[in-house]
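One structure is given here, and the rest of the page talks about it.
The values are calculated or read from the model by the stated rules, or taken from the named source; none is laboratory data. Quick caveat, the model's predicted, so the values are computed rather than measured. Cβ placement follows ideal geometry from the backbone for every residue including glycine, while neighbour counts extend to all protein chains displayed. SASA here: full protein model, heavy atoms, side chains in, ligands and nucleic acids out. Shrake-Rupley method; radii C 1.70, N 1.55, O 1.52, S 1.80 Å.
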Amino acid sequence: MVSLPQSKRLARLRRKMEQGRVEAFLVTHPPNVFYLSGFTGDAGALLVEPSRATLLTDSRFTTQASEELGPSAVGLKIVKGSPAAAAGAELARRRFRGRAGFEGARMTVAEAARLKKGSGGRPRWRATEGWVEALRRVKEPEEIERMRAAARLASEVIVEVLPLVRPGVRECDLGAEIEFRMRKRGASGAAFDTIVASGPRGALPHARATTKAFRANELVVIDMGAILRHYCSDLTRTIYLGRAPSRLRRGYQAVVEAQAAACEVLRPGAPAEAVDLAAREVLRRYGLEKAFIHSTGHGLGLEVHEEPRLGRGQSVPLEASSVVTIEPGVYWEGSGGIRIEDDVLVLPSGGEILTSAPREFLEL
Ligand code: ZN
Ligand code: ZN
């Protein structure tokens, strides 16, 4: 059963455990548990040791867990109460006296206290951060195929709903239509609450769809993504209802060029912040650097925001087979915003754009 992706991933985690000098590692963040075991339930803890791995969950998940773990190298233990605390108790029962790691950034203070109490002070617990997330940065061929399909799905849906972007249609109607169509195409859901932000609301990068109706002569920002076979896509397009004034055409052009410049520097070994700087430099030339109020992009995969972050101060080098978004934008408080976002696979030869929706300025 060594060929299962989970076995290879566990082997990579064990190397990290050796480097981090822990003899046991407790995984509690659900996407990380899924990545290493295949279990999709939301109450589970995976205890990884050098020669075994055990999923602890409660009796609601007995059937689901045994099906999802399948013939993998992960054992199953049904417990009562907090699976993390039960994992601690399990180590104490076995008189484990080594060092054990847990996902410090993924656990509440109360849960960490339960874990330490449950294990009777035996293991020396060490809070770690980002170990499994670092493994998830580099995608396997099967993961890339799924991400390609999720990106294709989002691209097809956004093109399909364009006729609905017209005066009188409400943001929430368009948002609902997008989510409905993604599900009809097999998505298990939206990767995040679909953003439809028209007119002045477009100046809020994370605006959710409201009951506001579209009006003539305003910008509409649509930011949407699907979860397909566990993997996310994330896509943004900006549309103008009417004939755009030259100021906005210029702004759109600036964002298109900023995105292209960022894609240009995207390759293995490039520091993540170089991608961000490239986009910022273009916007600076247009005098729009102050209107760009977020970072250029983020990793994408089982979650919509993952490693690596493409922002200022992120010196981590990019790796081949990472998937990231490139999403520069400009925002004018009180009047609107423009953002273009695509999902890009990092290849030795550069970036391959996975999202295929047209990128030119649509004036409808
Ligand atoms: Zn997005
Ligand atoms: Zn994004």
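Amide H contacts of Leu362: Tyr240, each under 5 Å away and 5 or more positions distant or on a separate chain (H built 1.01 Å from N in the peptide plane; Pro and chain starts excluded). One chain, two ends: Arg250 and Thr108. Fully extended at 0.36 nm per residue, the span grows by 46.5 nm beyond their Cα-Cα distance. Within the assembled protein chains, the solvent-accessible surface assigned to Lys212 is about 40 Å², based on a 1.4 Å probe. Helix 141-161 axis versus longest C-alpha principal axis of the chain: approximately 30°, rounded to the nearest ten.
With a cut-off of 19 Å, note down the residues of segment 318-346 whose backbone N falls inside the zone around a label point 7 Å from the Cα of His294 toward its beta carbon. Flagged as within label range: 323-345.
Think of it as helices only: each DSSP H run of n ≥ 4 in the chain is worth -39500 (n - 2.57), and spread over all residues that comes to -11000 deg cm²/dmol at 222 nm. Pair-distance distribution of segment 6-135: all C-alpha pairs, bin width 5 Å, starting at 0; shares per bin in whole percent are 2, 12, 24, 26, 21, 12, 2, 0.
Kirkwood radius for the chain, taken over all pairs of different Cα atoms as the inverse mean of 1/r, rounds to 21.9 Å. The mean sequence separation of alpha-carbon pairs under 8 Å and at least six residues apart, normalised by the residue count of the chain, gives a relative contact order of 14 percent.
Looking at Ile195, Tyr252, Pro31, which one has the Cα that reaches farthest to the positive end of the dipole of the chain (charges on Cβ: Lys, Arg +1; Asp, Glu -1)? Of the options given, the answer is Pro31.
With a simple spin-label model that places each label point 7 Å from the Cα along the Cα-to-Cβ direction, the separation between Ser7 and Glu142 comes to 1.2 nm. In the context of the full set of protein chains, residues of segment 299-364 present 36 Å² of accessible surface per residue (probe radius 1.4 Å, heavy atoms only). Site-free segments of the chain were taken between GluC sites (Glu not before Pro) in DSSP loops having at most 11 other Cβ atoms within 10 Å, sites themselves excluded; the longest one is 130-332. Label separation (Glu264 vs Arg215): 3.8 nm, computed from points 7 Å beyond Cα along the C-beta direction.
Angle, helix 83-93 long axis vs. longest principal axis of the chain, Cα atoms, 0 to 90°, nearest 10? So the inclination is approximately 20 degrees.
Here the label points at Glu129 and Arg284, each 7 Å from Cα along the C-beta direction, are separated by 2.8 nm in the simple model. As a calculated quantity, the FRET efficiency between Leu347 and Val316 at R0 = 22 Å, using C-beta atoms, amounts to about 0.75.
If the segment from Ser335 to Ser51 were pulled out straight at 0.36 nm per residue, it would be longer than the present Cα-Cα gap by 96.3 nm. Estimated at the nearest 10 Å², the accessible area of His305 is 90 Å² with a 1.4 Å probe. Angle of helix 171-184 to the longest C-alpha principal axis of the chain, folded into 0 to 90 degrees and rounded to 10: 50°. For Arg359 and Glu257, the difference between the fully extended length at 0.36 nm per residue and the C-alpha to C-alpha distance is 35.6 nm.
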